[in-house]
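> Shown below is the structure under consideration.
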């Protein structure tokens, strides 16, 4: 067949790079390769528009920020030009789950449709790969004596023989949070690098090598920023040769970047350092008993410091407790121990690569402790406590300049996309936070018919959120909606306290199955929710985004209140103070835009398909009573609104009647088909 640059066939079989907008659109047209490869493929104007914008950005090495509402099909809209452009492209996703789906499902579909042999690779952070050296050491040290850990250790050892990738996600029989993984995976701190005896068969090295040879590399934001911030994952070496970097779920970037540009000193880091140093000392520094004594002192000091921090579950500014006598004493003692260990390890470092690595680690921990006590300007220091551990963190209040430097360091196309980036019709809040100047901006509404398929209900007579009766009022307003919907509801809360209070009330009020976050994993809850078909699921932040339930099983989403961040959060508190001191308006410039983006994520759970129908309930009276309520409403899809319960009940009644009519029509058709078959049989 003759190749033609202007024909779809020419673009595919000859893999001619698309040049014009018409060329690009053909790839997602009714006669295009995706339509032929995917049964039921629907042509969407918004998807074609996004594809053209991504293709143009890659061609011109220019930045682009794209909001693509639910249903646009943004994954194919960036995968097709990523592959068709013919250059090296790095794609980063918000979660490892989405990363796996992109690599295992979506990319193969596009490659098959475009008939290309494009090399693709999946790359995760080193903590996701088995470290055979540390596994063998854990086996020989005999550190574990409980049956569960020994069972997990044996399962990992058995799996090691058969795994090709070493990706620990393959091994479902050992929980991801099992303690054993800390001893069977590596960190940048304890990795021996090329001096490791298992270096030639290292799964991390193998994954990196495959990534370097690939045309399209799929990573996740945590890996991406860990490498940009800490240079620890060996991923940065891919960037210089990249034609484009595509960051999906980009609304998460400012917070993730803040996390990775932070400095953290945790009890886990210190205790792990102590364990690794002790193991090295026993092998290579047996004549240094004072080193072992110092390590024992370190362990005791870390435990004493945790005890001095009071109860678990705290996340507060460091200044609130750093001057307490018990805290002050242990921090001084910790500094003395780290200084002592640093001096001893300087002497011991030349004995082995492992001891050299431990010396580098103690230097890092020591410096972070000093930085915590003498903070840099533009940072906030805070701490977080868990049941038996803690973290001390120094976080930059503004990552725009830092991120901007990284953008400018790599002169390729930077394409940032998500379903929720704009506030109203403006991207200013997002682009300002990441330091991106003058990108191409594209705002694509959802192709779904919200006006005819959805309804927004704002219950009347709900007290203000700070009122003690707020949660009971939310539950009482929700019950008739849940009854009218016959279950099939997500109730999304902004706090665990509100969730638990609502769950306690609701269990005595409705007969539908109730699933409460924390009772099982998120994946199990979603699976059970779909299977039951009439359940009510109560969740907090992790259920506001990334959860996809299509069809009748989810026909109602109830949101307790507008998702403003907790004013008690230490980083938020410091940001508010900083904006105020610089003469800005922290509410309008930061708190309101953040809440709008979060609400858009929650609302996005309701309509996930062309045929989905349902009711969105926002119980917060501020949506109606405050002037900023219109900012929220103007950022949501255009949908009919009501404050009358009877309108909601009528909406569900119409859906129910329509469903019964459809069933009846199918039954009539089935009866007619049966009669025809019977007539044919009689004729025979």
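The values are calculated or read from the model by the stated rules, or taken from the named source; none is laboratory data. None of these values were measured; they are calculated from a predicted model. Positions of Cβ are backbone-derived with ideal geometry, glycine not excepted, and every protein chain shown enters the neighbour counts.
> Report the residue count in region 180-212 for those that are outside any loop (DSSP other than H, G, I, E, B) and within 23 Å of the chain's Cα centre (by Cα). Working first, answer last.
Of the residues in region 180-212, the ones outside any loop (DSSP other than H, G, I, E, B) are 180-183, 193-195, 199-201, 203-212.
If we keep only those that are within 23 Å of the chain's Cα centre (by Cα) as well, we get 181-182, 204, 207-208, 211.
Going through region 180-212 one residue at a time, the tally reaches 6.
> Step by step: first the residues of region 239-257, then only those that are more than 22 Å from residue 75 (Cα to Cα) and surrounded by fewer than 23 Cβ atoms within 10 Å (Cβ to Cβ), then the one that is modelled with the lowest pLDDT. Which residue is that?
Looking only at region 239-257, we keep the residues that are more than 22 Å from residue 75 (Cα to Cα), and these are 240-241, 255, 257.
Okay, now just the ones that are also surrounded by fewer than 23 Cβ atoms within 10 Å (Cβ to Cβ), so 240-241, 255.
Working: 240: 71, 241: 78, 255: 91.
Selected residue: 240.
> Since residue 487 meets every condition but one in (1) at positive phi; (2) surrounded by fewer than 19 Cβ atoms within 10 Å (Cβ to Cβ), which condition does it not meet?
Unmet condition: (2).
> Answer yes or no as to whether residue 118 is under 28 Å from the mean Cα position of the chain (by Cα), buried (at least 16 other Cβ atoms within 10 Å of the Cβ) and part of a loop (DSSP other than H, G, I, E, B). It would help to see each step written out before you state the result.
On the way: under 28 Å from the mean Cα position of the chain (by Cα): yes; buried (at least 16 other Cβ atoms within 10 Å of the Cβ): yes; part of a loop (DSSP other than H, G, I, E, B): yes.
Criteria met by residue 118.
> Need pairs with beta-carbon distance below 6 Å; first residue under 17 Å from residue 372 (Cα atoms) and within region 309-334, second part of a loop (DSSP other than H, G, I, E, B); sequence gap 6+ or separate chains.
Final answer for the pair search is 327/321.
> Also, quick follow-up: Return yes or no: is residue 296 modelled with pLDDT under 95, assigned to a helix (DSSP H, G or I) and over 35 Å from the mean Cα position of the chain (by Cα)?
Working: modelled with pLDDT under 95: no; assigned to a helix (DSSP H, G or I): yes; over 35 Å from the mean Cα position of the chain (by Cα): yes.
No.
> Scan region 353-366 for residues that are in contact (Cβ under 8 Å) with a residue 24 or more places away in the chain and farther than 13 Å from residue 276 by Cα and jot them down.
364, 365, 366
> Let me ask something else about it. Is it the case, given these coordinates, that residue 316 is over 30 Å from residue 102 (Cβ atoms), in contact with a strand residue (DSSP E or B) (Cβ under 8 Å, 6 or more places away or on another chain) and at pLDDT 90 or above?
Yes; evaluated as a whole, the condition is true for this residue.
A quick yes/no check of all residues on (1) crowded, with 20+ Cβ neighbours inside 10 Å; (2) under 27 Å from the mean Cα position of the chain (by Cα); (3) touching a residue at least 12 places away in the same chain (Cβ under 8 Å); (4) farther than 29 Å from residue 613 by Cβ:
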position: 35; (1), (2), (3), (4): no, no, no, no
position: 39; (1), (2), (3), (4): no, no, no, no
position: 50; (1), (2), (3), (4): yes, yes, yes, no
position: 54; (1), (2), (3), (4): yes, yes, yes, yes
position: 61; (1), (2), (3), (4): no, yes, yes, yes
position: 74; (1), (2), (3), (4): yes, yes, yes, no
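> Which ones in region 214-230 are at pLDDT 90 or above and closer than 14 Å to residue 242 by Cα?
214, 215, 216, 217, 218, 219
> So, in region 76-98, exactly how many residues are part of a helix (DSSP H, G or I) and surrounded by 24 or more Cβ atoms within 10 Å (Cβ to Cβ)?
Step one: filter region 76-98 for residues part of a helix (DSSP H, G or I), giving 76-84, 96-98.
Next cut, surrounded by 24 or more Cβ atoms within 10 Å (Cβ to Cβ) only: 77-82, 84.
Adding up the residues that qualify gives 7.
> Return the only residue of 433, 368 being out of contact with any helix residue (DSSP H, G or I) (no Cβ under 8 Å at 6 or more places or on another chain) and surrounded by 17 or more Cβ atoms within 10 Å (Cβ to Cβ).
Numbers: 433 fails: out of contact with any helix residue (DSSP H, G or I) (no Cβ under 8 Å at 6 or more places or on another chain).
Exactly one residue qualifies, and that residue is 368.
> Now for a separate question. From the list 392, 334, pick out the single residue that is in contact with a helix residue (DSSP H, G or I) (Cβ under 6 Å, 6 or more places away or on another chain), outside any helix (DSSP H, G or I) and at pLDDT 95 or above. Step through it out loud before you land on a result.
On the way: 334 fails: outside any helix (DSSP H, G or I).
Answer to the check: 392.
> Do we find that residue 375 is in the same structural domain as residue 56 (by TED's automatic domain parsing), part of a loop (DSSP other than H, G, I, E, B) and surrounded by fewer than 20 Cβ atoms within 10 Å (Cβ to Cβ) in this structure?
Working: in the same structural domain as residue 56 (by TED's automatic domain parsing): no; part of a loop (DSSP other than H, G, I, E, B): yes; surrounded by fewer than 20 Cβ atoms within 10 Å (Cβ to Cβ): yes.
Here the answer is no, as residue 375 does not meet what is asked.
> Here's something else I'd like to know. Can we say residue 526 is touching a helix residue (DSSP H, G or I) at 6+ places or on another chain (Cβ under 9 Å), over 21 Å from residue 419 (Cβ atoms) and outside the structural domain of residue 94 (by TED's automatic domain parsing)? Steps first, please.
Working: touching a helix residue (DSSP H, G or I) at 6+ places or on another chain (Cβ under 9 Å): yes; over 21 Å from residue 419 (Cβ atoms): no; outside the structural domain of residue 94 (by TED's automatic domain parsing): yes.
Judged against the criteria, residue 526 is not a match.
> Can you say whether residue 543 is under 29 Å from residue 610 (Cα atoms) and touching a residue at least 60 places away in the same chain (Cβ under 8 Å), as far as the supplied structure shows? Lay out the reasoning, then the answer.
Values: under 29 Å from residue 610 (Cα atoms): yes; touching a residue at least 60 places away in the same chain (Cβ under 8 Å): yes.
In short, yes.
> Right, something else. Go through region 99-115 and give me each residue that's in contact with a strand residue (DSSP E or B) (Cβ under 8 Å, 6 or more places away or on another chain) and surrounded by 18 or more Cβ atoms within 10 Å (Cβ to Cβ).
99, 102, 103, 107, 111
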